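The values are calculated or read from the model by the stated rules, or taken from the named source; none is laboratory data. Remember, it's a predicted structure, so these values are computed and weren't measured experimentally. Don't worry about glycine lacking a Cβ; one is built from the backbone with ideal geometry, like all the others, and counts go over all protein chains shown. Calculation scope for accessible area: heavy atoms of the full protein, side chains included, ligands and nucleic acids excluded. Shrake-Rupley method; radii C 1.70, N 1.55, O 1.52, S 1.80 Å.
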Amino acid sequence: LELLIPEVIKKYNIPKNKFIIGGQSWAGHQAMLYAEKAYNPNYKSIIKPNAVFGVDPPLDLKRLYNGYVRAMTIDTTKRRNSEASMITTLFKKQFGGTPFQKPKAYEMASSFYRDAKDGGNIKFLKSLPVRLYADPDISWHINERNSPVEWTNLADVTASIVQLKLLGNKNAEFINCLGKGFQEGKRHPHGFTMLDADEFIIWADKVLYGK
């Protein structure tokens, strides 16, 4: 993103000070991490977005890793050839071990980290408009995944907004999308369908142009 965004701005003649970055799931986490780095005083050359959004993103990678370990513990079919197995293996390789073994590596790679002062990297967004969307269908998680709320992305999303508000961010918003998430026509609280496109454009216009 650090290389691609300047190329896109140049190619399409986009004003540097007029863009919003965001995404769903892991892409939402990466968008948050990009914005945090852009507003980190140690990285002055990165082009700064006007706002950032995430649709049900996992933000705390320690929570995500431990959640996958829990899933494999309660459902032995997930121990091989599953998302849980793939991600935990990838994280251990990329970060040099588990969150218990390499907590600092997980903190630096997380866009929000519960165990760090001021939530870790998220502190760099204390002055930026931030929108985090989630479909808080707890019954779905209980019935479909045997997951209490603390092991869901919703836990990261709500904790992040609370942390930003504590840091003084008056433009940090949790968008409650209860019942709006679908994937391939089936009920799923991780679906991008939860984002209301028309309402989003109104928000984007306000952020970029003050409309």
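With a ≥ b ≥ c the root eigenvalues of the C-alpha gyration tensor of region 1-112, is it rounded (a/c under 1.5), prolate (a/b larger than b/c) or oblate?
Prolate is the answer for region 1-112, as a/c is 1.5 or above and a/b outweighs b/c.
Leaving ligands, DNA and RNA out of it, rank 141, 29 by accessible area with a 1.4 Å probe, largest first.
Sorted by accessible area, descending: 141, 29.
Which net charge results for the neighbourhood of residue 167, defined as the other residues with beta-carbon distances under 10 angstrom from its beta-carbon, given Lys and Arg at +1 and Asp and Glu at -1?
Residues near residue 167 contribute +2 overall.
Please work out how much length the chain gains when fully extended from residue 9 to residue 101, using 0.36 nm per residue of separation minus the C-alpha to C-alpha distance, in nm with one decimal.
29.1 nm
How large is the convex hull of the C-alpha atoms of the chain per residue, in Å³?
Each residue corresponds to 144 Å³ of Cα convex hull volume.
What's the angle, to the nearest 10 degrees (0 to 90), between helix 197-209's Cα axis and the longest principal axis of the chain?
The angle comes out at about 40 degrees.
Using the structure shown, list the pairs from 170/206; 44/93; 37/211; 16/206; 16/44; 37/62 with a Cα-Cα distance above 21 Å, or answer none.
44/93; 37/211
Can you give me the % of accessible surface on region 70-144 that is carbon or sulfur? Probe 1.4 Å, all protein chains present, nothing else counted.
Heavy-atom surface of region 70-144 belonging to carbon and sulfur, 1.4 Å probe: 52 percent.
Taking Cα pairs under 8 Å and at least six residues apart, what relative contact order does the chain come out at, in percent?
Once divided by the residue count of the chain, the mean separation gives 20 percent.
Explain nothing, just the number: relative contact order of region 34-146, from Cα pairs under 8 Å at least 6 residues apart, as a whole percent.
34 percent
Based on DSSP H runs of at least 4 residues, each adding -39500 (n - 2.57), what is the mean residue ellipticity at 222 nm of the chain after dividing by all its residues, to the nearest 500 deg cm²/dmol?
Rounded to the nearest 500, the figure is -13000 deg cm²/dmol.
Find the eigenvalues of the gyration tensor of the Cα atoms of region 1-64, then list the square roots of 5 times those eigenvalues as equivalent ellipsoid semi-axes, largest first, in whole angstrom.
22, 14, 9
To the nearest 10 degrees, how steep is helix 153-166 against the longest Cα principal axis of the chain, on a 0 to 90 scale?
For helix 153-166, the angle is close to 40 degrees.
Place a point 7 Å from the Cα of residue 150 along the Cα-to-Cβ direction; which residues of region 66-93 have their backbone N under 13 Å from it?
The answer is 67, whose backbone nitrogens lie closer than 13 Å to the label point.
Through the Karplus equation 6.51 cos²θ - 1.76 cosθ + 1.60, θ set to phi - 60°, convert the phi angles of region 92-103 into ³J(HN,Hα) values in whole Hz; use x for Gly and Pro.
For region 92-103, the Karplus curve yields 4, 6, 6, 9, x, x, 7, x, 5, 7, 10, x Hz.
Taking all pairs of distinct Cα atoms, average 1/r, flip it, and tell me the Kirkwood hydrodynamic radius of region 44-158 in Å to one decimal place.
One over the average 1/r among Cα pairs gives 15.4 Å for region 44-158.
As I understand it, the value is the acute angle between the Cα axis of helix 26-38 and the longest principal axis of the Cα atoms of the chain; what does it come to in degrees, rounded to 10?
50 degrees
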